[in-house]
Amino acid sequence: MAARRISSLISRSLASSPALLSKGRRPSGGRTTGKYSTSAAVEDPITPSVKVNYTQLLINGQFVDSVSGKTFPTLDPRTGEVIANVAEGDARDIDLAVSAARKAFDDGPWPRMTAYERSKILLRFADLVEKHADEVAALETWDNGKTYEQSAKLEVPMFVRLFRYYAGWADKIHGLTVPADGSYHVQTLHEPIGVAGQIIPWNFPLLMFAWKVGPALACGNTIVLKTAEQTPLSAIYVAKLLHEAGLPAGVLNIVSGYGPTAGAALASHMEVDKLAFTGSTETGQIVLELAAKSNLKPVTLELGGKSPFIVCEDADVDKAVEMAHFALFFNQGQCCCAGSRTFVHEKVYDEFLEKSRKRAANRVVGDPFLGGIEQGPQVDGEQFKKILKYIKSGIEGGATLEAGGERFGSKGYYVQPTVFSNVKDDMTIAQEEIFGPVQTILKYKEVEEVIRRANASRYGLAAGVFTQNIDTANRLTRALRVGSVWINCFDIFDAAIPFGGYKMSGHGREKGIYSLSNYLQVKAVVTPLNNPAWL
């Protein structure tokens, strides 16, 4: 998939790829999805026809129950009702999974087969995911709450693209011949690092699976992956497809469970050679400490954000409003790089605010399995309550509530699209990661001022800049202390574009060529040369 604006992709019709719905539950031609017109659908959600067939742990190529026999429920965020009960792994299951991965790396065929053979398995896997795209997308929406349109038209195709991208890298990983002072032949070898522990979040379960599993496998490593307890279903399903594609047993092991038990055990395991984590900054600090206190394994972290979206005085206001709206509200606002601090120049502030208020008020909220829905429910009750608490904080802190501010409907975890104006930098809603559909709009006067204010954050994940002036764009691009800057666009996640943060947004990069270094060791090999023809 070429780099294209995500907002254009998710606005397309699903006519060519209908959602998996039970018979008789598809909305009739007379049912519309205008402002708040979907409240009935929220109260009477569509039943997906996809079946949940895989709920166990996947260890050494086999689906197994947890050692304890415990399970935990994964919930439908549209209703709070149980979708399925999933095996609850803990430290004992992590031990089994790491042992399987260790054996597969030390004695198994995966790191020893040709890179081309590994590439072919990854390509077959991508083909299988395309074949089962409807089921994969339905599981992702059902477990997470994101719209089916987003899952089917954006995330599953991007998942497939990522694995094809990494399949292409598998046989292009190589070292260098290095000139040295003296009669020596020096080469560097790029070797797989070993057993990779990976912990993925709940906001993009499929894509985070691809971001981590893809490069690790391309480099010849074996994996133990812990899913988020809120969203385990899609990872288990696609892992099964990966084994159908020919992945040897033990190369990829999936353990579902909770952070303090399964996650902590994985982070601190002495036989795990490398750790990758995506989640909150606070949890990232714990993960890094556990890794350091165990075997000092290297860790890549993709953590929280409070990304500025800067609207300059020369901006086309209508376009800026739509882009800023997308930058914040995409994926129910549950996006680490969301443009959650909207800085607007004072000359266009009033116009921008009024149009942003109207755009949020007209955002279509409802059952994510319906076509035309822009926003589904938040992932679970905890996140739902957290967002409402932040909204209350904004009101009590003196910001002006322009739109939304309450729950939507009476069932599930829906939150009204919310907009605050008159936001000050020291307010909680301007400093902390809300991770929900809450837009905070701040006013600024000068470019130097907005640079200083935008950088005055512990986070440094991403930024958006909306301007028609190339000099302004260049000035901001280089001044902002963030890992990604999008100019007149936002959330462009091409497979080849690296992604990661400055400061407390983490370290290391995912996607692109930079992600490969996370899963490789570099070895220098030096051999004396006797009477060399040249040096």
(message) Please compute the per residue accessible area over the stretch 308-494 with all protein chains in place, 1.4 Å probe, rounded to a whole number of Å².
(response) 37
(message) Could you sort H243, H190 by their accessible area in this structure, using a 1.4 Å probe and putting the largest first?
(response) H190, H243
(request) Report which label in (i) 25.0; (ii) 26.6; (iii) 31.8 holds the value of mean projected area of the Cα convex hull in nm² derived from the coordinates of this structure. (result) (ii)
(request) Would you tally the net charge around A170, using a Cβ to Cβ cut-off of less than 15 Å, leaving A170 out, and scoring K and R as +1, D and E as -1? (result) +3
(request) With everything on Cα atoms, drop me the angle between helix 156-169 and the longest principal axis of the chain, reported from 0 to 90° to the nearest 10. (result) 30
(request) Kindly rank 169-182, 504-517 from highest to lowest mean number of other beta carbons found within 10 Å of each residue. (result) 504-517, 169-182
(request) Lys and Arg at +1, Asp and Glu at -1: add these up for the other residues within a Cβ distance under 13 Å of L401 and post the number. (result) -1
(request) Would you work out which of V485, Y413, V438 lies farthest towards the positive end of the dipole of the stretch 308-494, given +1 charges on the beta-carbon of Lys and Arg and -1 on that of Asp and Glu, about the Cα centre? (result) Y413
(message) With the cut-off at 29 Å, tell me which of the pairs K153/K511; K319/K443; K389/K511; K355/K386 have Cα atoms farther apart than that.
(response) K389/K511
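By how many nm would the segment from E382 to N530 grow when fully extended, if each residue of separation counts as 0.36 nm and the alpha-carbon distance is taken off?
Gain in length upon complete extension: 46.4 nm.
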(message) If each DSSP helix of 4+ residues adds -39,500 (n - 2.57) and the sum is divided by the residues in the chain, what number results at 222 nm, nearest 500 deg cm²/dmol?
(response) -10000 deg cm²/dmol
(request) Give the cross-link partners of K103 among the lysines, using a straight C-alpha distance below 25 Å as the criterion and excluding same-chain residues fewer than 8 apart. (result) K120, K212, K226, K240, K274, K293, K297, K523
(request) Give, in nm to one decimal, the length gained when the segment between I395 and D314 is fully stretched (0.36 nm per residue of separation minus the Cα-Cα distance). (result) 26.1 nm
(message) For the ranges 262-272, 300-310, what's the packing order if you count other beta-carbon atoms within 10 Å of each residue, average per peptide, and put the highest first?
(response) 300-310, 262-272
(message) Out of the total accessible area of the stretch 350-430 (probe 1.4 Å, heavy atoms of protein only), what percent is carbon and sulfur?
(response) 45
(message) Let me check I've understood the local charge: for D127, count other residues with C-beta under 11 angstrom from its C-beta, Lys and Arg +1, Asp and Glu -1. What total comes out?
(response) +2
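Need the full-extension length gain, K240 to E130, defined as separation in residues times 0.36 nm minus the C-alpha distance. One decimal, nm.
That works out to 38.2 nm of additional length.
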(request) Evaluate the distance, in nm, between pseudo-label points positioned 7 Å from the Cα of Q431 and of Y116 along their respective Cα→Cβ axes. (result) 5.9
(message) Let me check something: with ligands and nucleic acids excluded, how do E396, E135 order by accessible area (1.4 Å probe), largest to smallest?
(response) E396, E135
(request) Report, to the nearest 10°, how far helix 233-244 tilts away from the longest principal axis of the Cα atoms in the chain, using its own Cα long axis and a range of 0 to 90°. (result) 30
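With all protein chains present, how much of the accessible area of the stretch 141-248 (probe radius 1.4 Å) comes from carbon and sulfur, to the nearest whole percent?
Ligands and nucleic acids excluded, carbon and sulfur give 55 percent.
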(request) Could you calculate the FRET efficiency of T177 with A292 from 1/(1 + (r/R0)^6), where r is the beta carbon distance between them and R0 is 41 Å, rounded to 0.05? (result) 0.70
(request) With label points built 7 Å along Cα→Cβ from the Cα atoms of D494 and Q187, find their separation and express it in nm. (result) 3.3
(message) Order 100-108, 285-293 from most to least packed using the mean count of other Cβ atoms within 10 Å.
(response) 100-108, 285-293
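The values are calculated or read from the model by the stated rules, or taken from the named source; none is laboratory data. Model, not experiment: these values are computed from the prediction. So basically every Cβ, Gly included, is an ideal-geometry build from the backbone, and we count neighbours across all protein chains shown. With ligands, DNA and RNA removed, areas are computed over all heavy atoms of the protein, side chains included. Shrake-Rupley method; radii C 1.70, N 1.55, O 1.52, S 1.80 Å.
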